[in-house]
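What follows is one structure encoded as structure tokens, with my remarks underneath.
The values are calculated or read from the model by the stated rules, or taken from the named source; none is laboratory data. From a predicted model like this one, the values you see are computed outputs, not experimental measurements. Every residue, glycine as well, gets a Cβ built from its backbone with ideal geometry; the counts of neighbours run over all protein chains shown. To get the accessible areas, we keep the full protein, side chains included, count just its heavy atoms, and leave off ligands, DNA and RNA. Shrake-Rupley method; radii C 1.70, N 1.55, O 1.52, S 1.80 Å.
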Amino acid sequence: DYAFMEVSSHAAHQKRIAGLKFKGGIFSNLTRDHLDYHGTVENYRDAKKMFFDSLPADAFALVNADDKSGLYMTQNTKAKVYTYSLRTDADFRTKVIETRLDGTLLSFNGHEVEVNFTGRFNAYNLTAVFGGSILTGFPEEEVLVNMSRLVPVAGRFQTFRSADGQVTAIVDYAHTPDALVNVLDTIREIVGPDGIVTTVVGAGGNRDKGKRPIMAKESARLSDRVIITSDNPRFEEPQDIINDMLAGLDKDDMQKTISITDRREAIKTACMLAQPGDVILVAGKGHENYQEIKGVKHHFDDKEILNEIMC
């Protein structure tokens, strides 16, 4: 009866959704990504806007009021516009009451719900789900009950603990500067100023090179230790990608940063350095179970490696 789909900026720009009529659309946020295709952030933004421009008058457009591009998306839409927010008045408003590494207590339009997701970015996503479900026609109470039962997908803030329960590792698909900041801000908020955070991070080959030094800089800013490693190098040399990332670091950043080309060894090193109470973030690949090198996909799963090392 229902079909929910992600409409990428590529799909909108290439008119691959031209034959579809949507009941509604949701805009979450705009961050630096896909510039290898669009060229500029403005082109990327406008490609997303094309989707909302095409919505019919009997559809809804639900946008994140806390993102500066939110209302820009709906400037020319025929659809009825609704907003959601964590910071300001909106049609669908959420407050974060309590955050832990394995869940969050949220208030959706005044109704408290315990969810199995962590971080403000997940609170935003869940608010979009809340609003989108109600606008689709589902009863609010039913929506809230079902949201409490949701579980995260593999590789999105997925938590692992060492055999003794003293060290926590998190696998996340974060592969842009903004996504890294979201995840690391969440970890910092939970562990506090005294918690030690080690980030293992790389960047994909044959993609936007401009984000590489920014990703390294944000990792160093929000972590106590950083291990720069390979992601999916594709047809680039792994060391060249690492060098691009290291170029974003100053002398102080370099004091807490090492580079290990082999991703397995990088993860193993992070685990060896960890002390009780530490948190390890392994970022970039998330749910992926391969590493792409010179056109060949080799089996590689961050989650499997962490289970193997930590248990």
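Quick look at the numbers
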| quantity | calculated |
| --- | --- |
| Within the range 232-311, strands (runs of 3 or more DSSP E) holding 3 or more residues that are in contact with a helix residue (DSSP H, G or I) (Cβ under 7 Å, 6 or more places away or on another chain) | 279-283 |
| Close pairs from the range 8-19: first touching a residue at least 60 places away in the same chain (Cβ under 8 Å) and more than 13 Å from Ser54 (Cα to Cα), partner in a helix (DSSP H, G or I) and among the aromatic types (Phe, Trp, Tyr), Cβ under 8 Å, at least 6 apart | none |
| Qualifying residue in the range 167-184 (condition: at positive phi and at pLDDT below 95) | no |
| Candidate set: the range 32-50, residues that are open to solvent by 50 Å² or more (accessible area, probe 1.4 Å) and touching a residue at least 60 places away in the same chain (Cβ under 8 Å); chosen: the one nearest to Asp67 (Cα to Cα) | Arg32 |
| Any hit, the range 92-113, residues being among the basic types (Lys, Arg), in a loop (DSSP other than H, G, I, E, B), under 21 Å from the mean Cα position of the chain (by Cα) and surrounded by fewer than 20 Cβ atoms within 10 Å (Cβ to Cβ) | no |
| In the range 160-187, residue most open to solvent (accessible area, probe 1.4 Å) [restricted to those that are assigned to a helix (DSSP H, G or I) and either more than 26 Å from Arg212 (Cα to Cα) or β-branched (Val, Ile, Thr) (or both)] | Val181 |
| Search result, residues across the range 61-87 that are assigned to a loop (DSSP other than H, G, I, E, B), open to solvent by less than 80 Å² (accessible area, probe 1.4 Å) and within 19 Å of Asn182 (Cβ to Cβ) | Ala65, Asp66, Asp67, Ser69, Gly70, Leu86 |
| Test: residue in the range 142-157 that is outside any loop (DSSP other than H, G, I, E, B), under 26 Å from Cys271 (Cα atoms) and aliphatic (A, V, I, L, M) | no |
